[in-house]
Amino acid sequence: MSESPKAEPPRSYDHIQRHWIALVLRVALPAGGTILLWVGTLVAFVTGSGMPWGVPVGLALLAVSLFTVGLSFVIYYDWQNDYLAINRESIIHYEQQYVFSHSSQAAPLPKVQNVGINIPNSLYRWLNVGRIFVDTAGQEGMIAFGPVKDPRGVQSHIFALLGRPVPIDLEAEPSTRFQKWLPINPVKTARGGLVWHRHWWVLLRRLFWSTVLNLGLLVVFVL
């Protein structure tokens with residue numbers, strides 16, 4: 001009886017770019033400033049056309065807007081040239097430092113020890129976006145990159161290349177109706193672990209008598 005051929009891992013990911021949400025968050029401030037400057041320029045030219053300050057103010061605002069436009073293009077160039085490449089030999093993180101320089105971090109695939117993901121909030125969960133953390137042995141250290149589309153898929157791909165099973169994702173579900181009314185959920189760390197803290201109800205219970213005593217002393221002082 002012939003054995004079934006061993007399943008090959010999926011094709012290598014090449015040039016995994018950061019998700020567009022990362023570009024939006026970075027470019028929002030200069031882009032918003034550009035729009036405000038253009039609106040101010042238009043208002044200065046229209047309402048101040050008969051005033052001696054109208055044209056100089058409009059030209060000054062327009063000149064400042066050139067800086068914000070240029071900054072937006074620099075941020076886009078930086079975002080466009082950041083990527084994570086994964087193949088059967090290594091994992092490479094290429095980071096563009098705005099326009100003038102760049103850095104890279106590479107780790108041989110056999111030195112990968114663990115791959116974690118972090119989906120920090122509901123927006124990222126809805127977009128299926130998260131960060132990737134690759135722990136490596138030796139001088140390579142940890143490779144962190146993101147946010148990327150489908151982080152669990154990237155994680156599964158790396159584990160498939162390593163020939164290891166994908167770890168179970170830890171999720172904390174409320175166990176009682178009281179916890180559903182007042183969520184007592186753990187905090188998910190950047191490396192995919194879970195950290196539990198005491199609920200704020202414990203703090204209120206401990207502060208109750210001291211608060212009552214202080215209020216009583218305040219009433220006595222006022223009287």
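The values are calculated or read from the model by the stated rules, or taken from the named source; none is laboratory data. Please read these numbers as outputs of a predicted model, since none were measured by experiment. Glycine gets a Cβ as well: all are built from the backbone with ideal geometry, and neighbour counts include every protein chain shown. Ligands, DNA and RNA are stripped out before the accessible areas are found, and what is left, the full protein with its side chains, is counted by its heavy atoms. Shrake-Rupley method; radii C 1.70, N 1.55, O 1.52, S 1.80 Å.
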Within 19 Å of D82 (Cβ to Cβ) and over 12 Å from the mean Cα position of the chain (by Cα), is that true of G141? yes
Of the numbered conditions (1) out of contact with any helix residue (DSSP H, G or I) (no Cβ under 6 Å at 6 or more places or on another chain); (2) on the phi > 0 side of the Ramachandran plot; (3) open to solvent by 40 Å² or more (accessible area, probe 1.4 Å), G141 satisfies every one except a single condition; which is it? (3)
Filter result (surrounded by 15 or more Cβ atoms within 10 Å (Cβ to Cβ) and touching a His at 6+ places or on another chain (Cβ under 9 Å)) within segment 96-123: Q96, Q105, A107
Filter segment 72-103 down to the residues that are part of a helix (DSSP H, G or I) and not β-branched (V, I, T), then identify the one that is nearest to F133 (Cα to Cα). W79
